[in-house]
1. Does A:S131 meet the test of being of a type in the set (S, T, N, Q) and within 14 Å of chain B (Cβ to nearest Cβ)?
2. Looking at A:L142, A:L187, A:L168, can you tell me which residue is buried (at least 20 other Cβ atoms within 10 Å of the Cβ) and either of a type in the set (D, E) or within 14 Å of another protein chain (Cβ to nearest Cβ) (or both)?
3. Scan region B:60-75 for residues that are in contact with a Pro (Cβ under 8 Å, 6 or more places away or on another chain) and away from chain A (no Cβ under 11 Å) and jot them down.
4. Among the residues of region A:145-157, write down those that are outside any helix (DSSP H, G or I), crowded, with 17+ Cβ neighbours inside 10 Å and at the interface with chain B (Cβ under 7 Å from one of its Cβ atoms).
5. Just the residues that are touching a residue at least 40 places away in the same chain (Cβ under 8 Å) and among the charged types (D, E, K, R), please, taken from region A:94-130.
6. Which members of region A:190-216 meet the condition of being more than 25 Å from A:G116 (Cβ to Cβ), surrounded by 19 or more Cβ atoms within 10 Å (Cβ to Cβ) and not hydroxyl-bearing (S, T, Y)?
7. Which count do you get for residues in region A:225-263 that are within 25 Å of A:I192 (Cβ to Cβ), touching a Gly at 6+ places or on another chain (Cβ under 9 Å) and not in a helix (DSSP H, G or I)?
Amino acid sequence: MYAMTSSKNLNVTLIFLFVFFISILNADFSISTLDPIAEIKNFFGGILEIDISKTPTYFDAILNTIAIAIVAIFISSILGFFFALYFKYALLRVSLAFTRAIHELFWALLFLQIFGLNTLTALLAIILPYSATLGKVYAEILEEHDVFPKELESKKASRISLFLFTKLPDAMPHLISYTLYRFECALKSTAILGFVGLTTLGYYLQGSFMQGFYGEVWLILIIFYLIIATIKFWFTKISAPFLLLASFLYLDDFSGFNMDNLIRFITIDVVPSPIRNELGTLKIYQWFENIVMNELLPGIFNTLVLTQIALIVTAVITLLSFPLVSKKFVSPSLRFGGNILLVILRSTPEYILAYLFLQIFGPSMFPAVVALALHNGAIIGHIMGHQSNELVLRADVTKRRMELYGFEVLPRIYGSFLAFLFYRWEVIMRESAILGILGIHTLGFFIDSAIADIRLDKVVILLLFTALLNILVDFISQKVRNYLRLSTTVKSECCSL
Amino acid sequence: MSLILNNETLSYKDKTVLKDISLSIQKGEKVALLGKSGSGKSTLLKRLYELNASQISYIPQELGLVNTLSVFHNIYISQLDKYSTFYNIRNLIKPSPNQIDIISPLLDELYMSDLIFTKCGELSGGQKQRTAIARAILQNKKILLADEPISALDEFVTKKVLNSIDNTFDTIVCALHNVDVALEYYDRVIGIKDGQIVLDKACDQITPEDTQKLYHVCDDQF
């Protein structure tokens, strides 16, 4: 297995494996529920208790989820487009990096304090990170499709005309397909916002989970899969404008917005309490030291440990799962099953998976790792399976599957496997932080606790460092991809990452 | 208006391709540039273009077409600076009858009238080359610098296209690798090999020996 990879690939693989083993030694993998097997039985037993007649109960939540996602992606894509046009300015790039480094659930928790439980909070929580992500990716797409020869650009023609005729047409299909992919993500994110109390599908999902009504859980999940799987039928060129208008009209719960709250938040709440109460430099130092020692350092450490373990387990799941959807390895019927399994794992947000596994195994890193690795492994495995199908092998290639895997297929796609994995690293890290809300002691745990204590000054500090950590990981990931000479630009396949 | 190079050394991607080149092309001359691929024809054309960009129509070897736009739009691109941004956008969304009337005759002449609203990405290599030529013609400039613009055309269309170009532009420098076409349609040939100009003569003074030399210059086998 090792001889086949280039030495650089091998170096990187070994370094990350080493970090993985260090992390394992520091991770809490306990299973605290009394009878996880019974929990699993209960959960899957729920399939038999699905009561379709309950569907109308969720109509409001379904419409709310869809409407918020549509309005949010619409506003985000417009903002993102303008960000992309001015992406060359470093200040904008840094601001966008910060904005998208903070998970939409963190944004939601923050805006809840300012605007209350309403639609505005939900919209802002999606729009902020999404417009920042779209801005960056749009800029990359426009740059990648900037192929019109400079010699042919008339100096006298207006820049708008040149942009519209020579750059936008080539990039447009890619911009649209990326936006549609992001719309799917926005639907998932909006559903998840229900877990912090906004009335989207996640709200009901959590409710049913907590009461152990697994039949309802399954019904909501199936509704959710159906919405996602049928996007291309109900969100089309023709229907989009009407859906947009309807969504704007449907969303009306903007109650609780209060300008005073916003002003108080900016001028008082976020100011560190020792400064606010004028307690002097020593107190300020102690206040900050307390946060660093008791929350920031443990939070960062646990977040990194979870991220690195989940990254390697994701890699393992990917390497095991991609043959399941590859023509090179399995029969059509098995491939059908493999595809369904991977689609389900891909479509279920890691937050929901983690929530489920936490119910089953109790709060520790174990359920979090399983959730992150299954979800991300399925995403990369799907793409890798696709790539292995495209490979053209000699006619006299070995018929033995293990040899085929180790000598012919994996060596050819190992580079892109690493590229996708590192592309996903930053996402895994952001999710690791957020899973703290579920009780694992990553950064999200401390942020959630600080919010519960209404210590918003602390929240802001913790969020700031969460974002910095994420930007750092993104930076290292780019360096690693450069070192391995893996393409860093957006390819059509990266769109499904 | 003439194009003059004096003892210039030209590089492509930090690699010297042409050394101490001197060249003078006068107004009204129709010049064929011969040489095998990689000999430096494109680098030379690009340099000549820089000498007087505002007066020159330039057809790069990669053509510079926008594949997702129609033939009409790709030709219209050459007059973006002639009209207001508003009018440009209007034509991007829906071509105006006036503009169609301007562009259609050009396409008739190049046997492409039925392809006016076909996307460039769907065209064959030869059709793409003719689109780029139509774009250059519509630009209405005096000088044309073209980098192998007819390599994918058949003999019949080649003749038609070369005549159209000939009638439109005062001065032409056209990179080719077909010696017979060069001698038949141009007034002067320049042969490039190993970073040097090995032959520069008026076509009516070319000897059979010169012709052999040119064949040698263009043959990728040597």
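1. Spelling it out, it is not the case that A:S131 is of a type in the set (S, T, N, Q) and within 14 Å of chain B (Cβ to nearest Cβ).
2. Checking each option against the conditions leaves just A:L142.
3. B:F72
4. A:F148, A:S154, A:A157 - these are the residues of region A:145-157 that are outside any helix (DSSP H, G or I), crowded, with 17+ Cβ neighbours inside 10 Å and at the interface with chain B (Cβ under 7 Å from one of its Cβ atoms).
5. A:E104
6. A:E216
7. So the count comes out to 3.
So that you can scan it fast, the table gives a plain yes or no per residue for (1) touching a Leu at 6+ places or on another chain (Cβ under 7 Å); (2) not basic (K, R):
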site: A:L162; (1), (2): yes, yes
site: A:I176; (1), (2): no, yes
site: A:K188; (1), (2): no, no
site: A:L198; (1), (2): yes, yes
site: A:L201; (1), (2): no, yes
site: A:Y214; (1), (2): no, yes
site: A:L219; (1), (2): no, yes
site: A:Y225; (1), (2): no, yes
site: A:L244; (1), (2): no, yes
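The values are calculated or read from the model by the stated rules, or taken from the named source; none is laboratory data. Note that the structure is a prediction, hence the values are computed from the model and not measured. When we count neighbours, we look across all protein chains shown, and the Cβ atoms used for this are built from the backbone with ideal geometry, even at glycine.
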